[in-house]
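The values are calculated or read from the model by the stated rules, or taken from the named source; none is laboratory data. Everything quoted here is computed from the prediction, not taken from an experiment. Protein only, heavy atoms only, side chains kept; ligands, DNA and RNA dropped before computing areas. Shrake-Rupley method; radii C 1.70, N 1.55, O 1.52, S 1.80 Å.
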Amino acid sequence: MEMAINSSENIFQNMLKNLGKNIDFTPKFINGRYDKHKCPNCGEVLIWEDEQGIEHFEECSCRRKTRFLSKSKRFEKLSIIDREENKNTFQNAVLTTDIEKNIYERAKKFCDGFEKFKNIKKGMMFYGTTGTGKTYLANCICNELKAKGYTVLSFNLSGYLRMLEDNFKTNENIETTMLEAVANCDLLFIDDVGAEQISRRNNEGVSWREEKIFNLIDTRDRAGKPLILTTNFEPETLRRHLENNGINRIYSRIAGLTSPVQMNFKDRRIEE
């Protein structure tokens, strides 16, 4: 019995010594890379090593989604107007004329090809009289792009100026925070440009509001990203409005960031 036990122990010890001898632990390189660590949730590669032994770090899809949701929530908190995500969509739009259908088709193509428009920093300026659906269409674009994974910041220009004024004494960094968001978001939507009240404050014809509007548009222009804008004024009338209020440098930047789209329809608010 004792000999049998000793024999079993010897066999077991030999197995331990030989364990792994026939297993190749050399990293398997596929297309010049060896995947070292994968995300436990989505299974995508987080760390891989090249043939020179240099490690590379990747961001997996679930981490990208988490980062996007965090950024998106931050921009939503800074947005001043409600985009009515469940109502203002291309699918819910009621189009009664061929002109409307063409404009909405153009807006949809803008969303589908947004990467191209980001590269050429070109958005749209929807102009027309009150109640023609300018804000609705702009909201459709914003909501469509958000659903595609882009970050969107939106506000009414008058509301933006009022927010800066109301919070200036309690939060001196509010403009800096907003301008950082203006520069970083994928799409900026400014609603109802031209309806804001601008007053002159000194002999040089410069007002606090003029300065803030210029900072806003100039920041977006320097960021080199597209802008969506709505106004009741025709482009030339908007230019004169801004220049008459002392903001001579803004319209050229708006024109550079947007293509004008006229919305000359019946006032739907009256119809409703």
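Before moving on, here are some points about what is shown:
- Computed on protein heavy atoms with a 1.4 Å probe, the accessible areas place Lys121, Lys38 in the order Lys38, Lys121, largest first.
- Taking all protein chains together and rolling a 1.4 Å probe, Glu180 ends up with roughly 100 Å² accessible.
- Among Phe265, Phe233, Phe114, Phe57, the sequence by solvent-accessible area, most first, with a 1.4 Å probe is Phe57, Phe233, Phe265, Phe114.
- Accessible area per residue in Å² at 1.4 Å probe, computed on region 112-234: 42 Å²
- Rounded to the nearest 10 Å², the accessible area of Asp112 at probe 1.4 Å: 100 Å²
- Exceedance of the 20 Å cut-off in Cα-Cα distance is limited, within the set Lys87/Lys108; Lys87/Lys134; Lys116/Lys146; Lys121/Lys146; Lys87/Lys212, to Lys87/Lys212.
- Across Trp48, Trp208, the residue with the most accessible area heads the list, and the full order at a 1.4 Å probe is Trp208, Trp48.
- Under the Karplus curve 6.51 cos²θ - 1.76 cosθ + 1.60, θ = phi - 60°, whole-Hz ³J(HN,Hα) for region 141-156, x wherever Gly or Pro sits: 4, 4, 5, 5, 5, 4, 5, 7, x, 9, 8, 10, 10, 9, 6, 7
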